[in-house]
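The values are calculated or read from the model by the stated rules, or taken from the named source; none is laboratory data. Just so you know, these numbers come straight off a predicted model, no measurement behind them. Positions of Cβ are generated from backbone atoms using ideal geometry, with glycine treated the same way; all protein chains shown enter the neighbour counts.
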Amino acid sequence: MTNGFQFRKYPLDFLLGKLLTDKTTGKAIIWATDGYSEYGDQYCDRYEITKVALRGQESVMLQPRAFKTLEIQQQRTKSKAEVFTPTWIVNKMVNRLDEEWFGRAEVFNREEDRNWKTITDPINFQKKKWRDYVDQTVLEIACGEAPFIVSRYNVSTGETIPVNERIGILDRKLRVVTENTQSEDEWVKWAKRAYESVYGYEYQGDSLLIGRINILMTFLDYYNQVWNKNPDPSLLTKITNIIVWNFWQMDGLNGRVPLGTARSQIKQMALFDLDEEPDTLTSLCKIRKWRGKKTILFEELGMKEGHNMANRKFNVVIGNPPYQIEAPGTSTSEKPIYHLFWEAGKKIAKKVELITPGRFLFNAGATPKSWNEQMLNDPHLKVEVFEQKSSDIFPGTDIKGGVAVVYWDSTTISEPIGTFTPYSELNSLVKNRVSEKIGGIGLVAEFGMSKKKYGKQKRSPVGWKSLTRDEQ
């Protein structure tokens, strides 16, 4: 992949304006970061990203993380907790979803250490329907450059991944469409359906734009490979419209356009006697329900659909959420927030798979003890990966307590985690001993989120703020 995007070349030359659109505000997405403020006031966090800013005479160089200098990457990791998920971990997590859906492992590829080998035989759906696979709705939270959705390049090295070896969720859907359609019209119909099925939100404007471009260019990559030509501009415009609706800018835990404060937070700040003035209230974000042909507020998902399992908006929530908030002032105490993303995800999806710090597995750390216990005694929860040394997954990091990939499936029941150890053999032994002590009866803890509310939080690239009980 080249170092940066060519905004004056096809297809960005005529689609950039649309890619910058915010469907909620009707304006352009904003920077939501001061990372470009050296270029002038119009590049500060609250300003809209303009076409001039990206392809004018004094334009900024918009780069995927892989092309940023190591120093800048480390700064963003330290100050913004911006940790990008390695492609091999993305593949492992998406493979887990497919294993559950198909009822067997190694459907699209075979994992080989920290790489994979593509299985080239056409996907065998057995008694399932390929159209149902394409229509499975997935939301990547705090999506950044959308690595779980598309995998045009290795996020660690920047190397382009050939189309036939890609491992993103949308990549897999497009492969299925290609293998099961005969005509160009039919391919386009189901490719559009695939695009309508994947969603993501991101706080920081530059990352969101990169993600949108990656998803658009993925369509171009597959179309070129399958039909050996470029798609009609009108078709690209339609695909772009879907992308802009489905991948939007949002403060992930209040459902609003970034740099605003929810009404409950304004009241909360008064209770804590904070000296800072609340940010201007911003709009609640809207999303599109393509099958229902209607637009709804994102916050409505948890309030209405989330209480009825059959009506939940998403089949799957996946991602690598922000882990903590920056400590205010001179304080060094940083509050974890990844548990809030967990609870929000379970409100709107049947299945949730996240990679987060793993201290809660030992009922340790600063996450609420009641939440730790609820997770450890949840019969729908499984630990897929645990790595004590976080730098083995996220180079250059030191996450106390390690990192875990945890999978929650509301449609299945298994033995709760209970007492967790990093060693699978010991886990089995501990579970057997616990079963003996309690007569084989599982412990299921009643759980209710603490009503304690946190104070105002510093702005970040993924929208770190408190989640009130009502917002869950």
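For segment 172-200, which positions are aliphatic (A, V, I, L, M) and in a helix (DSSP H, G or I)? Break it down into steps so the answer makes sense when it comes.
Initially, segment 172-200 is screened for residues aliphatic (A, V, I, L, M), giving 174, 176-177, 188, 191, 194, 198.
If the condition is that a residue be aliphatic (A, V, I, L, M) and in a helix (DSSP H, G or I), then Leu174, Val176, Val177, Val188, Ala191, Ala194 are the ones that fit.
All but one of (1) within 26 Å of Glu373 (Cβ to Cβ); (2) modelled with pLDDT under 90 hold for Leu340; state the number of the condition that does not hold.
Of everything listed in (1) within 26 Å of Glu373 (Cβ to Cβ); (2) modelled with pLDDT under 90, Leu340 misses just condition (2).
Please go through segment 104-127 and give me each residue that is exposed (fewer than 13 other Cβ atoms within 10 Å of the Cβ) and at negative phi, ordered by number.
We begin by selecting, within segment 104-127, every residue exposed (fewer than 13 other Cβ atoms within 10 Å of the Cβ); these are 104-105, 112-113, 115, 117, 119-122, 124, 126-127.
Passing the criteria: Arg104, Ala105, Glu112, Asn115, Lys117, Ile119, Thr120, Asp121, Pro122, Asn124, Lys127.
Matching residues to (1) part of a loop (DSSP other than H, G, I, E, B); (2) in contact (Cβ under 8 Å) with a residue 60 or more places away in the chain:
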position	(1), (2)
Phe360	no, no
Gln374	no, yes
Val385	no, yes
Gly401	yes, no
Val405	no, yes
Thr411	yes, yes
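Say whether the condition of being closer than 22 Å to Val155 by Cα and surrounded by fewer than 20 Cβ atoms within 10 Å (Cβ to Cβ) is met by at least one residue in segment 347-356.
We begin by selecting, within segment 347-356, every residue closer than 22 Å to Val155 by Cα; these are 353-356.
Those still in the list that are surrounded by fewer than 20 Cβ atoms within 10 Å (Cβ to Cβ) too: none.
Among the residues of segment 347-356, not one is closer than 22 Å to Val155 by Cα and surrounded by fewer than 20 Cβ atoms within 10 Å (Cβ to Cβ), which makes the answer no.
Pairs, please: C-beta under 7 Å, at least 6 apart or cross-chain, first residue in a helix (DSSP H, G or I) and in segment 210-226, second surrounded by 18 or more Cβ atoms within 10 Å (Cβ to Cβ) and of a type in the set (Phe, Trp, Tyr)?
So the pair list comes out as Gly211/Phe247; Arg212/Phe247; Ile213/Phe5; Ile215/Phe247; Val226/Trp187.
One line per residue, one yes/no per condition, for (1) at pLDDT below 95; (2) within 20 Å of Leu97 (Cα to Cα); (3) in contact with a Cys (Cβ under 6 Å, 6 or more places away or on another chain):
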position: Lys346; (1), (2), (3): no, yes, no
position: Lys369; (1), (2), (3): no, no, no
position: Asn372; (1), (2), (3): no, no, no
position: Ile399; (1), (2), (3): yes, no, no
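Looking at segment 173-210, which of its residues are farther than 18 Å from Leu15 by Cβ and of a type in the set (A, V, I, L, M)?
Leu174, Val176, Val177, Ala194, Val198
Between a first residue in segment 83-99 that is in contact (Cβ under 8 Å) with a residue 60 or more places away in the chain and at positive phi and a second residue that is of a type in the set (A, V, I, L, M, F, W, C) and surrounded by fewer than 21 Cβ atoms within 10 Å (Cβ to Cβ), which pairs have beta carbons less than 7 Å apart while being 6 or more apart in sequence or on different chains?
Qualifying pairs under 7 Å: none.
Find the residue count for segment 304-322, including only residues that are surrounded by fewer than 19 Cβ atoms within 10 Å (Cβ to Cβ) and at pLDDT 80 or above.
1
Does at least one position in segment 160-183 carry a residue that is closer than 24 Å to Leu297 by Cα and either touching a Cys at 6+ places or on another chain (Cβ under 6 Å) or free of Cβ contacts under 8 Å to residues at least 40 places away in the same chain (or both)?
no
For segment 49-149, which fully contained helices (runs of 4 or more DSSP H) count at least 3 residues that are modelled with pLDDT of 85 or more and under 25 Å from Thr181 (Cβ atoms)?
On the way: elements: 51-55, 70-80, 87-102, 130-135.
Helices (runs of 4 or more DSSP H) meeting the threshold: 87-102, 130-135.
Can you name the residue in segment 44-60 that is farther than 13 Å from Ala28 by Cα and free of Cβ contacts under 8 Å to residues at least 24 places away in the same chain and is also surrounded by the most Cβ atoms within 10 Å (Cβ to Cβ) among such residues?
For segment 44-60, the residue satisfying everything is Cys44.
So that you can scan it fast, the table gives a plain yes or no per residue for (1) touching a residue at least 12 places away in the same chain (Cβ under 8 Å); (2) of a type in the set (Lys, Arg); (3) closer than 26 Å to Gly158 by Cβ:
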{"position": "Lys9", "(1), (2), (3)": "no, yes, yes"}
{"position": "Gly17", "(1), (2), (3)": "yes, no, no"}
{"position": "Gly26", "(1), (2), (3)": "no, no, no"}
{"position": "Gly35", "(1), (2), (3)": "yes, no, yes"}
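Which condition breaks for Asn230 when tested against (1) at pLDDT 95 or above; (2) part of a helix (DSSP H, G or I)?
Just one mismatch for Asn230, condition (2).
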